[in-house]
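Peer 1: The structure is given below, and queries will be raised subsequently.
Bear in mind these aren't lab numbers, they're just calculated from the coordinates by the rules spelled out. Since the structure is predicted, the reported quantities are computational estimates derived from the model, not experimental observations. Here the Cβ is made from the backbone with ideal geometry for all residues, glycine too, and neighbour counts use every protein chain on show.
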Amino acid sequence: MKRVGVLTGGGDSPGLNSVIRAVTRRALAAGYEVIGLKNGWKGLVDGLTVSLDLASVSGILPKGGTILGTSRTNLYAVPADHDRAVATYKQLQLEGLIVIGGEDTLGVANKLSQEGLHIVAVPKTIDNDLANTDFTFGFDTAVNIATEAIDRLLTTAESHHRIMVVEVMGRHAGWIATYAGIAGGADVILIPEKPIDVHEVCDILRKRHARGKEFSIVVVAEGAALDHQSEVAKAEKLDAFGHIRLGGIGDTLGKLIEEQTGIETRVTVLGHIQRGGSPTAFDRVLGTRFGVAAMELVLSRDFGKMVSLQGNKIVAIPIASAVAQLKTVDPELYEIAKIFFG
């Protein structure tokens, strides 16, 4: 019997289980055995596998996270890990390996594909920053969670006549901040693509206050930085892909706003709340479509490709084109958001 492998790497994301379920169901229907690699690339390094069948994927569609577990393992950080991973791949005699992940995970997938391994990729990141796909699954859920939080904070901001700063995820791209900020009616939206001018922000808030609006909502992405400064980090220690742990721009910004405006300002950091819980219907459907399409690529032996949403169609593109550069916020969309600032 032919075998196909599947793994989930990097940060968890709502909708991962819908992809695993879809891959498994389509593969079993085609007569394939499905091997799940546990904990991302680490599972391939250590040979941590689990057999997936109908019972394994029953009832997982509404669950957040991933039943396979995940990690931020970088096979190219330690040469021995790379060699062990390739050896495991060969020992498992896989017809193909479906890799579900974001920028870092798919960067590894692209390199392995170039080495001749049969890789198919599925784009996953709540940041929505992978190139050549309109949306990644997990993004819609994260935006909905952030929007609900903004709605809730607005009522307490209004009651106490405060400015509320809401820090959302978004390391290099401000898609969550922009979408949730527009949907939640934020008065200022700050993203990594645009250095923060604190004086301009405070001017907007003062003018709003002067015309009788005694509360304001400021949404800021975690990767946003003050003008002429670097991004704010919680810890300087780098992960396996060379990233620092971001966080704290909300607190920094909140203090500056209160100092310059004299208006009481509070900060809420949503953090991993945006990753957790049940995925939206959109993400469940998109994940399902991606999973089926990925398995179809394995069946047609069209490797080195990533499934992508373009318009309302699922198309296959080279993995290399998806990880060549980050997809940042469309300037036109941000200009629309700015119309409503203040």
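Peer 1: Angle between the Cα long axis of helix 281-299 and the longest principal axis of the chain, 0 to 90 degrees, nearest 10?
Peer 2: 30
Peer 1: For the chain, would you read off the P(r) tail past 31 Å as a percentage of all alpha carbon pairs?
Peer 2: Working: 20725 of 58311 pairs.
Roughly 36 percent, once rounded to a whole number.
Peer 1: Now a separate question. On a 0 to 90° scale, report how tilted helix 139-160 is relative to the longest principal axis of the chain, with both axes built from alpha carbons and the result rounded to the nearest 10.
Peer 2: Approximately 20 degrees, to the nearest ten.
Peer 1: Within the chain, what percent of beta bridges assigned by DSSP are antiparallel, to the nearest 5?
Peer 2: Antiparallel bridges make up about 30 percent of those DSSP assigns within the chain.
Peer 1: Take Thr88, Thr328, Thr73 and order them by how many other Cβ atoms sit within 10 Å, fewest up front. Please report the intermediate quantities before stating the final value.
Peer 2: Numbers: Thr88 19, Thr328 16, Thr73 25.
Ranked by crowding around the Cβ, least crowded first: Thr328, Thr88, Thr73.
Peer 1: Okay, moving on. How big is the gap, in Å, between the Cα center of segment 89-106 and the Cα center of segment 1-75?
Peer 2: Here the two parts' Cα centres lie 10 Å apart.
Peer 1: About its Cα centre, what dipole magnitude does segment 103-232 give when the only charges are +1 on Lys and Arg Cβ and -1 on Asp and Glu Cβ, stated in debye to the nearest 20? Could you put the intermediate results ahead of the total?
Peer 2: Working: 11 positive and 20 negative charges, 83 e Å.
Here the size comes out at about 400 debye.
Peer 1: Kindly provide the trypsin sites (Lys or Arg not before Pro) of segment 176-212 that DSSP labels as loop, not H, G, I, E or B, and whose Cβ sees at most 16 other Cβ atoms within 10 Å.
Peer 2: Loop-located and lightly packed - Arg211.
Peer 1: Further question on the same structure: Per-residue HN-Hα couplings for segment 252-269, Karplus 6.51 cos²θ - 1.76 cosθ + 1.60 at θ = phi - 60°, whole Hz, x for Gly and Pro?
Peer 2: So the Karplus estimates, Gly and Pro as x, are 4, 5, x, 5, 5, 5, 5, 5, 8, 9, x, 9, 4, 10, 10, 10, 10, 9 Hz.
Peer 1: With a cap of 15 neighbouring Cβ atoms within 10 Å, and only residues DSSP puts in a loop, list the chymotrypsin sites (Phe, Trp or Tyr not before Pro) found in segment 144-229.
Peer 2: Hits after loop and neighbour filter: nothing returned.
Peer 1: Which entries of Lys124/Lys213; Lys63/Lys313; Lys207/Lys327; Lys213/Lys327 have Cα-Cα distances beyond 31 Å here?
Peer 2: Numbers: Lys124/Lys213 39 Å; Lys63/Lys313 25 Å; Lys207/Lys327 33 Å; Lys213/Lys327 35 Å.
Over 31 Å apart, Cα to Cα: Lys124/Lys213; Lys207/Lys327; Lys213/Lys327.
Peer 1: How do Arg266, Arg21, Arg171 line up, fewest other C-beta atoms within 10 Å first? All intermediate terms of the calculation are to be shown ahead of the outcome.
Peer 2: Numbers: Arg266 16, Arg21 24, Arg171 20.
Neighbour counts put them in this order, fewest first: Arg266, Arg171, Arg21.
Peer 1: If you don't mind, there's one more thing I want to ask. How far apart, in nm, are two points set 7 Å out from the Cα along the Cα-to-Cβ line at Val315 and at Ser58?
Peer 2: With each label point 7 Å from Cα toward Cβ, the separation is 4.0 nm.
Peer 1: A follow-up question, please. For the chain, find the longest principal axis of its Cα atoms and tell me its angle to the long axis of helix 16-29, 0 to 90°, nearest 10.
Peer 2: So the helix axis and the longest Cα principal axis differ by about 20 degrees.
Peer 1: Based only on other Cβ atoms within 10 Å, what is the fewest-to-most ordering of Ile163, Ile119, Ile182?
Peer 2: Ascending Cβ contact count within 10 Å gives the list Ile182, Ile163, Ile119.
Peer 1: Let me ask something additional. Can you give me the Kirkwood hydrodynamic radius for segment 142-276, using every pair of distinct Cα atoms, in Å to one decimal?
Peer 2: 14.8
Peer 1: Now for a different question. Please list, in chain and number order, the residues 5+ apart from Phe137 or on another chain whose amide H is under 5 Å from its amide H, with Hs placed from the backbone.
Peer 2: Thr125
Peer 1: Using a Förster radius of 25 Å, what is the FRET efficiency between Ser51 and Arg84 based on their Cβ-Cβ separation? Nearest 0.05, please.
Peer 2: In this case the efficiency is close to 0.75.
Peer 1: Separate question: Select from Ile189, Met169, Ala149 the residue farthest towards the positive end of the dipole of segment 142-276; place +1 on Cβ of Lys and Arg, -1 on Cβ of Asp and Glu, and compute about the Cα centre.
Peer 2: Ala149
Peer 1: Chymotrypsin sites (Phe, Trp or Tyr not before Pro), restricted to segment 293-342: which are DSSP loop and have at most 15 other Cβ atoms within 10 Å?
Peer 2: The qualifying sites are Phe340.
Peer 1: Right, something else. Whole number please: convex hull volume per residue, Cα atoms of segment 21-145, in Å³.
Peer 2: Measuring per residue, one finds 117 Å³ for the Cα hull of segment 21-145.
Peer 1: Could you give me the ³J(HN,Hα) list for segment 271-280, computed from phi with Karplus coefficients 6.51, -1.76, 1.60 and θ = phi - 60°, whole Hz, x at Gly and Pro?
Peer 2: For segment 271-280, the Karplus-derived couplings read x, 6, 4, 5, 8, x, x, 6, x, 5 Hz, x marking Gly and Pro.
Peer 1: On to the next question. Specify the inter-centroid distance of segment 108-184 and segment 281-342, based on alpha-carbon positions, in whole Å.
Peer 2: Segment 108-184 and segment 281-342 have Cα centres spaced 13 Å from each other.
Peer 1: Now for a separate question. Taking the Cβ of Glu95 as the center, what net charge do the other residues with Cβ under 11 Å away carry, scoring Lys and Arg +1 and Asp and Glu -1?
Peer 2: In short, +2.
Peer 1: Name the residue farthest towards the positive end of the dipole of the chain from the options Leu75, Ile317, Gln91, assuming +1 on Cβ of Lys and Arg, -1 on Cβ of Asp and Glu, about the Cα centre.
Peer 2: In the chain, that residue is Gln91.
Peer 1: OK, next. Taking every DSSP beta bridge with both residues inside segment 142-276, roughly what % is antiparallel (nearest 5)?
Peer 2: Working: 2 of 17 bridges.
Counting DSSP beta bridges with both partners in segment 142-276, the antiparallel share is about 10 percent.
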